[in-house]
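Asks: Encoded as structure tokens, here's the structure I'll be asking about.
The values are calculated or read from the model by the stated rules, or taken from the named source; none is laboratory data. Model, not experiment: these values are computed from the prediction. Using ideal geometry, Cβ is built from the backbone for each residue, glycine included, and neighbour counts are taken over all protein chains shown.
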Amino acid sequence: MNLTKEQVSQLLHEAAITLFADSLEELPPRQQYQALAFVVKGLAGPTWAAAKHGADERGQKQVYYFAIEFMPGRLLASNLLNLGILEPVEAGLRDLGLDPAALYAEETEPGLGNGGLGRLGSAFLDAMAAVGIVGNGNGVRYDQGLFEQRFVDGYQVELPDDWLRDADVWETRKADRAVIVRFGGQVLLDRDRLGQITPVYRGAEEVFAVPYDTAIIGYHQPRIDTMRLWHAEPVPDAPEVLTAAARARITAITETLYPDDSNLAGQELRLRQEYFFVSAGLQSIVAHFLKYHKSVLQLPKYVAVHINDTHPALAVAELMRLLLDEHHLSWESAWQTTVATLSYTNHTLLPEALEQWPVDLLAAQLPRLWQLIQEIDRRFRLRYTGPFGQLLVDRAAPVVDGQIKMAALAVIGSHTVNGVAKLHTQLLKTQTLKELATIFPARFVNKTNGITPRRWLQLADAPLAGLLDVQIGPGWRTDARDIAALADKQDDPAVLDALIAAKQANKVALAGYIQETLGLRVSPAMIFDVQIKRMHAYKRQLLHVLGILEAYQALRAGEKRPPRLHIFAAKAAPSYTYAKDIIKLINTVADLVNHDPAVNGALQVAFLPNYNVSLAEKIVPAADISEQISLAGMEASGTSNMKLMTDGAITLATLDGANIEIAEAVGTSNIALFGMTAEEVAARRTAGYDPAAIAEADPRLKKSLGMLIDGSLPLGSAGHTIYESLLVDHDEYFVLADYASYIHASRVLDQLWTDPHGWAAVALQNIAASGRFSADDTVRRYAKEIWHALPARGGQEK
Ligand code: 26Q
């Protein structure tokens, strides 16, 4: 798109008058941001409008990505970049005396997700748009996103996230596209005049699902995709007047995001959320499809529906319902059509996070779906008990012991199932879903996650992006694989110096933010050692804390070490008390070391509150070390590992999730690996594990653990709880088993730090190898091998 800075100025002034009846110069920054966003939305409008029917008219297959969470991050700068107008707009703003970064910071980020899964969904939408796949997000428009986190006396406090207070400039309410979603009541099966079975609903609760659409602008692309989020409202002009309680039950559906990614909640409201966006999405897809095609039998040829984790797995039964009840297919053709349309990604191996719904709950809320799920279960057992035996089929079936197992439903109803990293896919096939993998071996494939280099490199890390342009030309901006060309420069001292300078600039900026937020003065000369992700026992932030205590003692004993700043950011699920204890512990340790003159300047800890996409954009570019230290076999993939690598951090990692593939990509000399492998963990579990013996045998460790309970930390209960979790309650995540090798690997990095060019050369190799983790390539692989929806143009995989 072509735009001069003079045009930018004119459009902005006009928008200020239109929106606020005031001159741009008079507006507060928030309204200046809104005026700019309004201009950008207007500029994208014609392309977006044209895209809506283009794909159908060309007969191009469309992908619908169903996810109960999305985390797009702030959109203004990203939209400017993707439209190709970032430079003229920023120049225009500066001419007007406005600071682009300050305007971007006015945007409230939609935190409509918990973590990795939601962020992945948004990265995929961005990537699909960039490579020319006709993609659509389908999700929930929560009135309240993930809570805002603050620390009070070191404890996490949760505040509501009122992200719509100022209205979201990017969304468009499409009241004319609303559909009705039904819950509860009774379903009778009747025969109509043609003798076809039709269900008759009695006393169902009707919910009006209103879509809000947001443009997903692809990088330098001629078309624009859509993220559609559904909002629950009472049906307007319904014959019956609703009580206040009945209205509240309806609006509750999209009121808040469940702030938990660790335990299945098993609550009615969660089930209603899941069915709500699945039913609304499928209804609107089928209705739209039939405007262009005669028979629903053609659906899989033109439509792929992807189920992101099991949260939308009801899509299996809901699509069957639509095909059977509303389009009168036979069971066999409805089933064939459903399986050929759907595919499913699993994101977790943790048994406690695998969704199951009590039959009673589901049958009461979704009586027709329950009938269909019983029939799916019955036919599954009938078909596979002969070949595979009762025992195996019982373990694989969707309805067992009064519970509906959503992963089973998703696998049975999809043509393809994928894990999100090689190890994860392997463990899915051999452990978590092994019975289903025995029955459907060809369905299981791997698709390692990816990240968008536009947000994490082009936007968040301008110093490094500029360096790449100079050193290898700008081709990497369209094809991240081209970053590999940087590898040749590792012996060029000028390039290494430039890399150090780019990192330094980012560290100065983050140091400023840390000072502002925590009142902590840190030096950009320190090693910035980063762990950013949800707070979870299996992710082992606790191992990182034990590492800090080890360094603390060494420094107090007079040892010399390179100065290190440990940076954490993490939210804990509000009900996850152990995770909250660890937050309190980290803040307590931070207090101790940050105020101890004996280690002053050599060791500091900064726990930044309210981790979200925008905060990650500040931390990731400034990181020297990326801590990816989950217990092997627990982290499905991880994606912060990929972001941090892309921006030149060196990974300190266990052989878990995608860390293994990062190690393959950079070579073992460019990554600090430690700890047990997934296999060793499994063996250790069987053999029996004695954490107390490990502590007893390691004086450093024993001393650090002692600090948790001997009064060194003014802790109250958290220190004792954590101490007991390790030494009394058998240390479920093998923190102590990996402790010694963790400390060793970390010390190897200290050693490397003393040689700045040596360090920079390793960082450079990480950047050079990061291209393969671009979400663009990930979605190309999904498109080719799962969705069978090849991009219109520019989408060839190299
Ligand atoms: C389930 C039931 C009820 C309430 C909440 C949930 C729920 C919500 C969110 C369960 C899980 C999640 C989120 C999971 C998640 O983010 N998983 C991460 O997915 C990433 C993308 O694939 C991986 O990189 C991470 O390894 C994985 O932990």
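Asks: Is it true that residue 608 is closer than 26 Å to residue 722 by Cα, away from the ligand (no atom under 16 Å from the Cβ) and touching a Phe, Trp or Tyr at 6+ places or on another chain (Cβ under 9 Å)? So that I can check it myself, show each step before the final result.
Replies: Values: closer than 26 Å to residue 722 by Cα: yes; away from the ligand (no atom under 16 Å from the Cβ): yes; touching a Phe, Trp or Tyr at 6+ places or on another chain (Cβ under 9 Å): yes.
Spelling it out, residue 608 is indeed closer than 26 Å to residue 722 by Cα, away from the ligand (no atom under 16 Å from the Cβ) and touching a Phe, Trp or Tyr at 6+ places or on another chain (Cβ under 9 Å).
Asks: If you go through segment 259-302 one residue at a time, how many are within 30 Å of residue 146 (Cβ to Cβ), without any contact (Cβ under 8 Å) to a residue 60 or more places away in the chain and either near the ligand (Cβ under 9 Å from one of its atoms) or part of a loop (DSSP other than H, G, I, E, B) (or both)? Outline the logic, then answer.
Replies: Keep residues of segment 259-302 that are within 30 Å of residue 146 (Cβ to Cβ), which gives 259-285.
Applying the additional criterion that residues be without any contact (Cβ under 8 Å) to a residue 60 or more places away in the chain yields 265, 267, 269-270, 282.
After this cut, where a residue has to be either near the ligand (Cβ under 9 Å from one of its atoms) or part of a loop (DSSP other than H, G, I, E, B) (or both) as well, the list is 265, 267, 270.
Residues in segment 259-302 being within 30 Å of residue 146 (Cβ to Cβ), without any contact (Cβ under 8 Å) to a residue 60 or more places away in the chain and either near the ligand (Cβ under 9 Å from one of its atoms) or part of a loop (DSSP other than H, G, I, E, B) (or both): 3 in total.
Residues are listed down the side, and each one gets a yes or a no for (1) within 16 Å of the ligand (Cβ to nearest atom); (2) among the small types (Gly, Ala, Ser):
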residue	(1), (2)
72	yes, no
102	no, yes
120	yes, no
129	no, yes
137	yes, yes
146	yes, no
149	no, no
160	no, no
168	no, no
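Yes/no per residue for (1) part of a helix (DSSP H, G or I); (2) at pLDDT 95 or above; (3) under 21 Å from the mean Cα position of the chain (by Cα):
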site	(1), (2), (3)
566	no, yes, no
571	no, yes, yes
582	yes, yes, no
585	yes, yes, no
588	yes, yes, no
593	yes, yes, no
597	no, yes, no
604	no, yes, no
609	no, yes, yes
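Asks: Of all residues in segment 453-496, count the ones that are touching a His at 6+ places or on another chain (Cβ under 8 Å) and farther than 20 Å from residue 642 by Cα. Even if it seems obvious, please write down each step before you answer.
Replies: Of segment 453-496, the ones touching a His at 6+ places or on another chain (Cβ under 8 Å) are 478, 493, 496.
Checking which are farther than 20 Å from residue 642 by Cα leaves us with 493, 496.
Number of matching residues: 2.
Asks: Restricting to segment 549-578, name every residue that is out of contact with any Asp or Glu (no Cβ under 8 Å at 6 or more places or on another chain), surrounded by fewer than 22 Cβ atoms within 10 Å (Cβ to Cβ) and within 22 Å of residue 610 (Cα to Cα).
Replies: Answer for segment 549-578, where residues must be out of contact with any Asp or Glu (no Cβ under 8 Å at 6 or more places or on another chain), surrounded by fewer than 22 Cβ atoms within 10 Å (Cβ to Cβ) and within 22 Å of residue 610 (Cα to Cα): 577, 578.
Asks: Which is in contact with a helix residue (DSSP H, G or I) (Cβ under 8 Å, 6 or more places away or on another chain), within 14 Å of the ligand (Cβ to nearest atom) and among the aliphatic types (A, V, I, L, M), of 650, 619, 660?
Replies: Numbers: 650 fails: within 14 Å of the ligand (Cβ to nearest atom); 619 fails: within 14 Å of the ligand (Cβ to nearest atom).
It is 660.
Asks: Still on this structure, I have one more. Here are some residues: 615, 631. Which one is among the aliphatic types (A, V, I, L, M) and in a helix (DSSP H, G or I)? Spell out the reasoning first.
Replies: Details: 631 fails: in a helix (DSSP H, G or I).
When all the criteria are applied, what remains is 615.
Asks: Note down all Cβ pairs under 6 Å where the first residue falls in segment 744-770 and is more than 20 Å from residue 492 (Cβ to Cβ), the second is modelled with pLDDT of 95 or more and in a helix (DSSP H, G or I), and they're at least six residues apart or on different chains.
Replies: Qualifying pairs under 6 Å: 746/547; 753/759.
Asks: Show the residue pairs that are 6+ apart or on different chains and have beta-carbon atoms under 7 Å apart, the first residue being within segment 62-82 and among the charged types (D, E, K, R), the second being away from the ligand (no atom under 15 Å from the Cβ).
Replies: Short answer, once both residue conditions are applied: 74/104; 74/107; 74/109; 74/614.
Asks: Taking segment 192-247 only, how many residues are among the aliphatic types (A, V, I, L, M), surrounded by fewer than 19 Cβ atoms within 10 Å (Cβ to Cβ), within 33 Å of the chain's Cα centre (by Cα) and in a strand (DSSP E or B)? Give the steps one after another, and end with the answer.
Replies: Of all residues in segment 192-247, those among the aliphatic types (A, V, I, L, M) come to 194, 197, 200, 204, 207, 209-210, 215-217, 224, 227, 229, 232, 235, 238, 241-242, 244-246.
From what's left, surrounded by fewer than 19 Cβ atoms within 10 Å (Cβ to Cβ): 194, 197, 200, 204, 235, 238, 241-242, 244-246.
Next, from what is left, pick out any that are within 33 Å of the chain's Cα centre (by Cα): 235.
This time we only want the ones that are in a strand (DSSP E or B), so: none.
Here the count works out to 0.
Asks: Kindly provide the set of residues from segment 350-374 that are aliphatic (A, V, I, L, M) and either away from the ligand (no atom under 16 Å from the Cβ) or closer than 30 Å to residue 426 by Cα (or both), ordered by number. Break it down into steps so the answer makes sense when it comes.
Replies: First pass over segment 350-374, keeping only residues aliphatic (A, V, I, L, M): 350, 353-354, 359, 361-364, 366, 369, 372-373.
Passing the criteria: 350, 353, 354, 359, 363, 364, 366, 369, 372, 373.
Asks: Also: Looking at residue 22 and the list (1) in the same structural domain as residue 166 (by TED's automatic domain parsing); (2) assigned to a loop (DSSP other than H, G, I, E, B), which single condition is not satisfied?
Replies: (1)
Asks: What is the residue count in segment 649-685 for residues that are β-branched (Val, Ile, Thr) and over 18 Å from residue 769 (Cα atoms)? I'd like the intermediate steps shown before the answer.
Replies: Within segment 649-685, the first condition is being β-branched (Val, Ile, Thr), and the residues that meet it are 650-651, 654, 660, 662, 666, 668, 671, 677, 681.
Now drop any that are not over 18 Å from residue 769 (Cα atoms), which leaves 654, 677, 681.
Total meeting the criteria: 3.
Asks: Against the conditions (1) within 16 Å of the ligand (Cβ to nearest atom); (2) assigned to a helix (DSSP H, G or I), where does residue 251 fall short? Just the number, please.
Replies: Every listed condition holds for residue 251 apart from (1).
Asks: Looking only at segment 414-426, count how many residues are away from the ligand (no atom under 12 Å from the Cβ) and either charged (D, E, K, R) or surrounded by fewer than 24 Cβ atoms within 10 Å (Cβ to Cβ) (or both). Can you show your working first?
Replies: Initially, segment 414-426 is screened for residues away from the ligand (no atom under 12 Å from the Cβ), giving 414-417, 422, 426.
Right, trim to either charged (D, E, K, R) or surrounded by fewer than 24 Cβ atoms within 10 Å (Cβ to Cβ) (or both) and you get 415-416, 422, 426.
Residues that pass the stated criteria total 4.
Asks: Within segment 358-448, which helices (runs of 4 or more DSSP H) (wholly inside it) include 3 or more residues that are in contact with a helix residue (DSSP H, G or I) (Cβ under 7 Å, 6 or more places away or on another chain), in contact (Cβ under 8 Å) with a residue 24 or more places away in the chain and more than 24 Å from residue 304 (Cβ to Cβ)?
Replies: Details: elements: 359-365, 367-388, 390-396, 406-412, 422-427, 434-439.
Of the helices (runs of 4 or more DSSP H) lying wholly inside segment 358-448, those with at least 3 residues that are in contact with a helix residue (DSSP H, G or I) (Cβ under 7 Å, 6 or more places away or on another chain), in contact (Cβ under 8 Å) with a residue 24 or more places away in the chain and more than 24 Å from residue 304 (Cβ to Cβ) span 359-365, 367-388, 390-396.
Asks: Being small (Gly, Ala, Ser) and either within 26 Å of residue 147 (Cβ to Cβ) or in contact with a His (Cβ under 9 Å, 6 or more places away or on another chain) (or both) is true for just one of 97, 116. Which residue is that? Steps first, please.
Replies: Numbers: 97 fails: either within 26 Å of residue 147 (Cβ to Cβ) or in contact with a His (Cβ under 9 Å, 6 or more places away or on another chain) (or both).
Only one candidate qualifies: 116.
Asks: Let me ask something else. Looking at the structure I just gave you, is residue 507 touching a helix residue (DSSP H, G or I) at 6+ places or on another chain (Cβ under 8 Å) and either closer than 30 Å to residue 601 by Cα or within 16 Å of the ligand (Cβ to nearest atom) (or both)?
Replies: Details: touching a helix residue (DSSP H, G or I) at 6+ places or on another chain (Cβ under 8 Å): yes; either closer than 30 Å to residue 601 by Cα or within 16 Å of the ligand (Cβ to nearest atom) (or both): yes.
In short, yes.
Asks: When residues of segment 612-623 are filtered for being of a type outside the set (Gly, Ala, Ser) and crowded, with 22+ Cβ neighbours inside 10 Å, how many remain? If you could, list the steps in order and put the result at the bottom.
Replies: First, pick out the residues of segment 612-623 that are of a type outside the set (Gly, Ala, Ser): 612-613, 615, 617-621.
Next, from what is left, pick out any that are crowded, with 22+ Cβ neighbours inside 10 Å: 612, 619-621.
Looking only at that region, the number is 4.
Asks: Follow-up. Please count how many residues of segment 323-344 are away from the ligand (no atom under 16 Å from the Cβ), buried (at least 21 other Cβ atoms within 10 Å of the Cβ) and either among the polar types (S, T, N, Q) or over 30 Å from residue 262 (Cα atoms) (or both).
Replies: Here the count works out to 7.
Asks: Further, regarding this structure: Just a yes or no: is a residue in segment 59-69 aliphatic (A, V, I, L, M) and in a loop (DSSP other than H, G, I, E, B)?
Replies: Step one: filter segment 59-69 for residues aliphatic (A, V, I, L, M), giving 63, 67-68.
With the extra rule that they be in a loop (DSSP other than H, G, I, E, B), the set shrinks to 67-68.
Yes, because at least one residue in segment 59-69 is aliphatic (A, V, I, L, M) and in a loop (DSSP other than H, G, I, E, B).
Asks: If you don't mind, another one. Could you identify the single residue in 311, 347 that is within 16 Å of the ligand (Cβ to nearest atom), surrounded by fewer than 24 Cβ atoms within 10 Å (Cβ to Cβ), closer than 24 Å to residue 135 by Cα and at pLDDT 95 or above? Before you say what the answer is, go through the steps one by one.
Replies: Values: 311 fails: surrounded by fewer than 24 Cβ atoms within 10 Å (Cβ to Cβ).
Within the list 311, 347, the selection yields 347.
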